[in-house]
Structures are given as C-alpha cells and as structure tokens.
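Notes to accompany the following structure.
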Amino acid sequence: MFRDYFNLLKRLKKIKLLLTDVDGVWTDGSIYYGDGGNDIRRFHVHDGIGIKRLMEVGVEIAVVSSYFSEAVQRRCQQLGIKDIFLGVKNKEEVLERIIRQKGYNRDELAYMGDDLPDAKLFEKVGIAITVSNAPAEVRKKADYVTMRMGGHGALREVSDLILEVKKNVGGI
C-alpha cells in the first residue's frame, strides 16, 4: 500500500541508508526460548539476499533493536552489516548519531519498523516504511506499507523496490 506512488519513487531514489528494526521486520515477531534461555529467531533467506543486493549498489544497512540477541547479531554479521545496534534504549539517539557520523541528510535515510516505538522515527527520515501486519496506528504514519508481512519477505519487497528505482536512473 502506498500514498502518492510517484513521489515515493522519487524519494526512494535518494536513499543511501536503510535503517531497520529487527523483530517484526526481519522476523515475524515471534521469539522462541530454548532450554538454557537461548532465544531463537527465524529469518527469511529472501530478505538476506535483498540486503546483500542493496549493499552491492552502495545502499548502507543499519540495524537498530531494543532487544539484544546473539542470533540477530550473528545474522547481521553473516550478511556483512557493520552498523548493528542491539539492546538500544533510545532509537532516536542512534538515528541522530548515524546522521552525524555518516553525514547523510534525512532525505537520504529510510527507516523500516513495525510497532509504536518505531513510528517515532518515521518523521525523522526521508521515507518511513512498515509491514502489512503492523498495528493500524503505525501503518497510518508510514509512507509505504509492504504487501508482505514481517519475517515473510517484507524486507526483500522493500529492497527490490529501492533497487528497481535506482536501476531506472533516467526515469522518474
């Protein structure tokens, strides 16, 4: 779902960094606890390929989550993501730090999240993205709502859209 699709495509073309939440975006939001207190997450392989493809064309990926998980850290490292912020109490501070350190302006940033804490960042980036199974209040604040649910290829949907726009350099 989208509002003003043409405008969205023009704005996506400017994106240099995609900042994402993890639980509910990369995963379906479920957390499984195994014996010994280990948490287990399920990641969709299509999302991983989408992330790698974005990085290949120069779009940076940053991950910010309020929850620390070794599984998430391992998955991000596997994909070659360098900017990993886990166990974060204030996501807005992380966003501000990234802007200062990397020198991007807000129009060059997209944020993908799935719940109320994420919606606070929507106004601070060029493009706010959420998943189809996000709460209605969050979907209303997003510039783009994926057709796919979190953990089921929603991140790949977004990466494919960004890649398509960047590939069509002469258009839009």
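Any read-out appearing in this document is the output of simple, stated calculations on the displayed coordinates, not a laboratory observation. Keep in mind the model is a prediction, meaning the values are calculated, not measured. Cβ sites come from the backbone with ideal geometry, for glycine too, and all protein chains shown count toward neighbours.
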Between M147 and Y67, what is 0.36 nm times their sequence separation minus the Cα-Cα distance? Round to one decimal in nm.
26.2 nm
Cα-based helix-to-principal-axis angle, 91-102 vs the chain, degrees rounded to 10:
60 degrees
Computed [θ] at 222 nm, helices only, for the chain once each DSSP H run of length n ≥ 4 contributes -39500 (n - 2.57)
-12000 deg cm²/dmol
Please give the peptides 150-157, 51-58 ranked by average Cβ packing (other Cβ atoms within 10 Å per residue), highest first, as a rough proxy for protection.
150-157, 51-58
Degrees between helix 70-79 axis and first principal axis of the chain (Cα, 0 to 90, nearest 10)
40 degrees
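State the antiparallel share, in %, of DSSP beta bridges confined to region 5-167, rounding to the nearest 5.
10 percent
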